[in-house]
Amino acid sequence: MSSPKLFVVSGPSGCGKTTIAGEILRRHPDMKFSVSATTRPRRQGEVNGKDYLFITKKEFEEKIHRGGLVEWENIYGEYYGTLKSEVDRAAKSGHPIIFDVDVKGALSIKSRYSDQAVIIFIKPPSIEALLDRLRNRRTETPSELARRSERFKMELERSKDFDYCVVNHILETAITDVDNIIRKNL
């Protein structure tokens with residue numbers, strides 16, 4: 001049996017990757033979602049085990065030490081990463097897997113899983129549109145917004161290292177573009 005395809009949706013915070021990944025899961029009920037782990041506080045409405053696996057910094061650092069992560073990063077003092085056990089669990093199902101991770105995480109998954117992974121960069125129509133989206137979702141403080149905007153340049157520069165780049169100017173069009181990429185690569 002061949003390994004399932006790993007589809008990684010990535011891009012700057014606020015680019016729409018989570019919304020796109022959610023719609024892809026709705027359109028492909030056989031696809032599994034790789035739930036990322038984080039040490040950041042849970043936002044209102046988030047469900048542990050569905051949106052993220054919320055764990056302590058101590059637990060996360062133990063997983064780093066034991067090699068239990070496919071990829072991880074410390075962003076603004078909080079850890080984010082993909083547990084190897086989650087990927088293995090999803091892969092055992094034989095179904096394709098979709099990831100919603102940051103840019104460095106996507107590149108780490110591509111490096112580790114090579115041709116099995118298809119990495120898709122979700123690009124905002126402009127930096128200003130991205131900042132507007134972040135302001136409108138009201139989940140970041142002004143200082144967090146400033147830190148995120150500093151990171152945008154690095155993330156946008158890395159888009160050239162991805163298999164595909166989809167501009168999310170009109171959400172439905174971006175979803176269709178990502179869906180077409182997935183269908184082409186299944």
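By the beta-carbon count within 10 Å of each Cβ, the least crowded to most crowded order of ASP102, ASP88, fewest first, is ASP88, ASP102. Comparing ILE55, ILE98, ILE20 in a Gaussian network model of the chain, where Cα atoms under 10 Å apart are tied by springs, the biggest mean-square fluctuation is seen for ILE55. Of THR141, THR38, THR19, the sequence from fewest to most neighbouring Cβ atoms within 10 angstrom is THR141, THR19, THR38.
Note on the stretch 6-185: lysine pairs with Cα distance below 16 Å, sequence gap of 8 or more or different chains, count 16. Under the combined filter of DSSP loop state and at most 10 neighbouring Cβ atoms within 10 Å, the stretch 54-113 retains these trypsin sites (Lys or Arg not before Pro): ARG66. Note on the stretch 74-167: Kirkwood hydrodynamic radius from all Cα pairs is 15.0 Å, rounded to one decimal.
With a simple spin-label model that places each label point 7 Å from the Cα along the Cα-to-Cβ direction, the separation between HIS169 and ARG27 comes to 1.9 nm. Taking the DSSP beta bridges with both ends in the stretch 6-185, the antiparallel portion is around 30 percent.
Please list log₁₀ I(q)/I(0) at q = 0.21 Å⁻¹ for the stretch 64-113, using the Debye equation with identical point scatterers on the alpha-carbon positions. These q points yield log10 I(q)/I(0) values of -0.77. Every pair of different Cα atoms in the stretch 6-185 enters the Kirkwood calculation, which places the hydrodynamic radius at 16.6 Å. Distance from the Cα centre of the stretch 66-114 to that of the stretch 157-182, in angstrom? If you average the Cα positions of each part, the centres end up 20 Å apart. Maximal additional length on extending the SER149-LYS58 stretch stands at 29.9 nm, based on 0.36 nm per residue less the C-alpha distance. Taking amide H as placed 1.01 Å from N in the peptide plane, TYR52 has its amide H under 5 Å from the amide H of VAL47, each at least 5 places away in sequence or on another chain. Mean separation of Cα pairs under 8 Å and 6 or more residues apart, divided by the residue count, gives the chain a relative contact order of 33 percent.
Values quoted throughout were computed directly from the atomic coordinates according to the rules given, and no laboratory measurement underlies them. All values derive from a computational prediction rather than experimental measurement. With ideal geometry, Cβ positions are generated from the backbone for all residues, glycine too; neighbour counts draw on all protein chains shown.
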